[in-house]
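Engineer: Here's a structure for you.
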Amino acid sequence: MRQDTKTDLFKLIDTLDSIDDLDLVREMVKTRSKKLARDTKSGLIIGDKVIISGSAKIESGKVIKINRTRAVVDCYDKTIDGMVAYNVPFSMIRKAISW
């Protein structure tokens with residue numbers, strides 16, 4: 001999305017003056033987020049390298065299983081010096097770009 005489009009969108013949301021309008025925007029965002037997660041799921045295969053965007057850190061790993069709403073991703077954990085499997089929602093997964 002272009003930066004000027006984002007700015008326009010933020011300005012328009014800021015002009016909303018009713019809770020009903022804001023609830024409609026919230027539902028639209030939630031619906032779009034679910035669609036993007038479905039698209040991510042359909043583009044994943046076991047063995048894909050992915051990036052997980054979490055709350056405070058970004059992890060990289062490899063998909064080892066694809067479930068209905070989440071993928072199991074194997075990530076390296078330096079605190080135990082080994083691999084850990086995380087159950088990650090598709091909305092938090094991005095395919096890693098291979099060069």
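Engineer: Could you run through the range 4-21 and say how many residues are open to solvent by 70 Å² or more (accessible area, probe 1.4 Å) and part of a helix (DSSP H, G or I)? Don't jump to the end; show me each part of the working.
Structural biologist: Applying the first criterion (open to solvent by 70 Å² or more (accessible area, probe 1.4 Å)) to the range 4-21 yields 4, 6, 8-12, 14-15, 17, 19-20.
Within this subset, residues satisfying the condition of being part of a helix (DSSP H, G or I) are 4, 6, 8-12, 14, 19-20.
Residues in the range 4-21 being open to solvent by 70 Å² or more (accessible area, probe 1.4 Å) and part of a helix (DSSP H, G or I): 10 in total.
Engineer: Restricting to the range 38-52, name every residue that is outside any helix (DSSP H, G or I), under 14 Å from residue 92 (Cα atoms) and not hydrophobic (A, V, I, L, M, F, W, C).
Structural biologist: 49
Engineer: A further question on this structure: What number of residues in the range 88-99 are open to solvent by less than 100 Å² (accessible area, probe 1.4 Å) and either without any contact (Cβ under 8 Å) to a residue 12 or more places away in the chain or within 13 Å of residue 59 (Cβ to Cβ) (or both)?
Structural biologist: Number satisfying all stated conditions: 4.
Engineer: If I ask for residues that are among the basic types (Lys, Arg) and at pLDDT below 90, which ones from the range 29-81 would you list? Even if it seems obvious, please write down each step before you answer.
Structural biologist: Here is the first cut: in the range 29-81, the residues among the basic types (Lys, Arg) are 30, 32, 34-35, 38, 41, 49, 57, 62, 65, 68, 70, 78.
Residues satisfying the conditions are 57, 78.
The values are calculated or read from the model by the stated rules, or taken from the named source; none is laboratory data. Keep in mind that this is a model prediction, so the values were computed, not measured. So basically every Cβ, Gly included, is an ideal-geometry build from the backbone, and we count neighbours across all protein chains shown. All accessible areas refer to the heavy atoms of the entire protein, side chains included, with ligands and DNA or RNA removed. Shrake-Rupley method; radii C 1.70, N 1.55, O 1.52, S 1.80 Å.
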